[in-house]
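The values are calculated or read from the model by the stated rules, or taken from the named source; none is laboratory data. Computed from a predicted model, the values in this text were never measured in an experiment. All Cβ positions, glycine included, derive from the backbone under ideal geometry; neighbour counts span all protein chains shown.
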Amino acid sequence: MPETGPETGPEKAKVAIFISGSGTNMAALLDASRLDGCPYEIVLIASNNPQAAGLALARAEGITTFALSHKGMTRAEHDAAMEGAAHAAGAQYIALAGYMRILSDGFVTRWQGRMLNIHPSLLPRYKGLDTHARAIAAGDSHGGATVHLVTPELDSGLILDQVEVAVLPDDTPEALAERVKLAEHQLYPRALAAYVSRAGG
Ligand code: GAR
């Protein structure tokens, strides 16, 4: 029998994750990337908030991080620095995970088809902020989350996948947000894996 080298497996898609806050979706994406057969790997965690809790977690996990406050910078300057970090890390995709900055049209256009976002509502309902409070106020039976492609128009790109979460009697926006996050953590890794594995991708 001829000797064979170590199993290398198929090349994985290289993903940069942008965060602003706690980074629980980031952690879910990272954990999933380490399971057998995951078609993507995380090459960078970048944030506009140097205090973002997710950065410390990423460092402890041995992932390259980049942090730069947007304060005192123009949007174009800050976006260019974030984009530079993504390129330096060899990213082929960007996954926005609680990244609470609007990106400039130029950035979005350059990454169109290669940048995903998770949004805490059943889009096209409730684009923007305060999604859970708006779902409760409207008397909706379900809230939920959506993974979509990022386009220059906010929260309006192609929907890749969604998950519904029931609204409880006497629900509060905070309680619903917490339950939706649990669902987000299931949804995002699955949607990202499916997207980077798509035919013709
Ligand atoms: C998530 O619920 C995500 O859907 C939302 O921010 C939270 C980030 O939590 N994103 C948006 O509202 C984007 N418009 P995390 O930092 O724990 O992942």
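Within segment 122-171, the set of residues being within 15 Å of the ligand (Cβ to nearest atom) and among the polar types (S, T, N, Q) comprises THR131, THR146, THR151, SER156, GLN162.
For segment 17-44, enumerate the residues that are at positive phi and within 7 Å of the ligand (Cβ to nearest atom).
Across segment 17-44, the qualifying residue is only GLY23.
Does segment 110-120 include one or more residues that are within 14 Å of the ligand (Cβ to nearest atom), modelled with pLDDT of 95 or more, within 20 Å of PRO169 (Cα to Cα) and of a type outside the set (Val, Ile, Thr)? Looking for residues that are within 14 Å of the ligand (Cβ to nearest atom), modelled with pLDDT of 95 or more, within 20 Å of PRO169 (Cα to Cα) and of a type outside the set (Val, Ile, Thr), one finds at least one in segment 110-120, hence yes. Between GLY106, GLY98, GLY72, GLY90, the distinction of being in contact (Cβ under 8 Å) with a residue 60 or more places away in the chain and surrounded by fewer than 18 Cβ atoms within 10 Å (Cβ to Cβ) belongs to GLY90 only.
Taking the condition over 15 Å from the mean Cα position of the chain (by Cα), of a type in the set (Val, Ile, Thr), surrounded by fewer than 17 Cβ atoms within 10 Å (Cβ to Cβ) and modelled with pLDDT of 95 or more, does THR131 pass? So THR131 fails the test. Of all residue pairs spaced 6 or more apart or on separate chains, those with beta-carbon atoms under 8 Å, a first member in segment 157-174 that is farther than 18 Å from ARG125 by Cα and a second member that is surrounded by 12 or more Cβ atoms within 10 Å (Cβ to Cβ) and aliphatic (A, V, I, L, M) are LEU168/ALA175; LEU168/LEU176; ASP171/ILE136; THR172/ILE136.
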